[in-house]
């Protein structure tokens, strides 16, 4: 198992040499392009990380979650998963931390635990993805993409509860 990555790298180098590709120059150019892309998107990503940290540490995330809790109850979505559902489009790491707290507090086989699992697997970190991909391509007009992505996130939230009820009952 420890030899897979070195063997993979060796195959790439040998293939490049056989095809007479300047392997090191090509590698250096790719690394340079990657660093330039990172340089372009770093300010936007730092801003996003800062905003998520500010929301969580200020308590605003809990206030927003408590605001949406009655709506979640009305549509049959577990109240315990609301913070994760709200954070998921913004932060993968933050939503994973909330996923583990749902597991710890409610149990992995509980309705909330199952809904949180399905939601984690069927939703995207929308704002992170838009920030990363559109930022690296220097695209500024994102309103249609954002509207479609948020609609997909809401759909994933609603259907995660429905799917768990369908397969496991309530």
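The values are calculated or read from the model by the stated rules, or taken from the named source; none is laboratory data. Just so it is clear, the structure is predicted and the values come from calculations on it, not from any experiment. We place every Cβ from the backbone using ideal geometry, glycine too, and count neighbours over all the protein chains shown.
On the given criteria, is residue 89 surrounded by 20 or more Cβ atoms within 10 Å (Cβ to Cβ) and within 30 Å of residue 36 (Cβ to Cβ)?
Details: surrounded by 20 or more Cβ atoms within 10 Å (Cβ to Cβ): yes; within 30 Å of residue 36 (Cβ to Cβ): yes.
The answer is yes for residue 89.
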Legend entry - Selection from segment 111-137 of residues that are more than 28 Å from residue 36 (Cα to Cα) and assigned to a helix (DSSP H, G or I): 111, 112, 113, 114, 115, 116, 117, 118, 119, 120, 121, 122
Legend entry - Top-ranked residue of segment 80-106 - restricted to ones that are under 16 Å from residue 49 (Cβ atoms) and out of contact with any helix residue (DSSP H, G or I) (no Cβ under 6 Å at 6 or more places or on another chain), ranked as modelled with the lowest pLDDT: 93
Legend entry - Output for segment 111-125, where each listed residue is surrounded by fewer than 19 Cβ atoms within 10 Å (Cβ to Cβ) and touching a residue at least 24 places away in the same chain (Cβ under 8 Å): 122, 124
Legend entry - Exclusive hit being surrounded by 11 or more Cβ atoms within 10 Å (Cβ to Cβ), in contact with a helix residue (DSSP H, G or I) (Cβ under 6 Å, 6 or more places away or on another chain) and over 18 Å from residue 93 (Cβ atoms), set 27, 77, 67: 77
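Would you call residue 154 surrounded by 18 or more Cβ atoms within 10 Å (Cβ to Cβ) and either in contact (Cβ under 8 Å) with a residue 40 or more places away in the chain or in a helix (DSSP H, G or I) (or both)?
Details: surrounded by 18 or more Cβ atoms within 10 Å (Cβ to Cβ): no; either in contact (Cβ under 8 Å) with a residue 40 or more places away in the chain or in a helix (DSSP H, G or I) (or both): yes.
It is false that residue 154 is surrounded by 18 or more Cβ atoms within 10 Å (Cβ to Cβ) and either in contact (Cβ under 8 Å) with a residue 40 or more places away in the chain or in a helix (DSSP H, G or I) (or both).
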Inset, instruction - Kindly check whether there is at least one residue in segment 132-148 that is closer than 26 Å to residue 117 by Cβ, within 14 Å of the chain's Cα centre (by Cα), in contact (Cβ under 8 Å) with a residue 12 or more places away in the chain and surrounded by fewer than 15 Cβ atoms within 10 Å (Cβ to Cβ). - result: no
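Among 3, 35, which is the only one that is free of Cβ contacts under 8 Å to residues at least 40 places away in the same chain and farther than 25 Å from residue 136 by Cβ?
Selected residue: 3, the only one of 3, 35 that is free of Cβ contacts under 8 Å to residues at least 40 places away in the same chain and farther than 25 Å from residue 136 by Cβ.
Within the bounds of segment 38-51, is there any residue that is in a loop (DSSP other than H, G, I, E, B) and either touching a helix residue (DSSP H, G or I) at 6+ places or on another chain (Cβ under 8 Å) or within 30 Å of residue 136 (Cβ to Cβ) (or both)?
Narrowing segment 38-51 to residues in a loop (DSSP other than H, G, I, E, B): none.
Looking for residues that are in a loop (DSSP other than H, G, I, E, B) and either touching a helix residue (DSSP H, G or I) at 6+ places or on another chain (Cβ under 8 Å) or within 30 Å of residue 136 (Cβ to Cβ) (or both), one finds none in segment 38-51, hence no.
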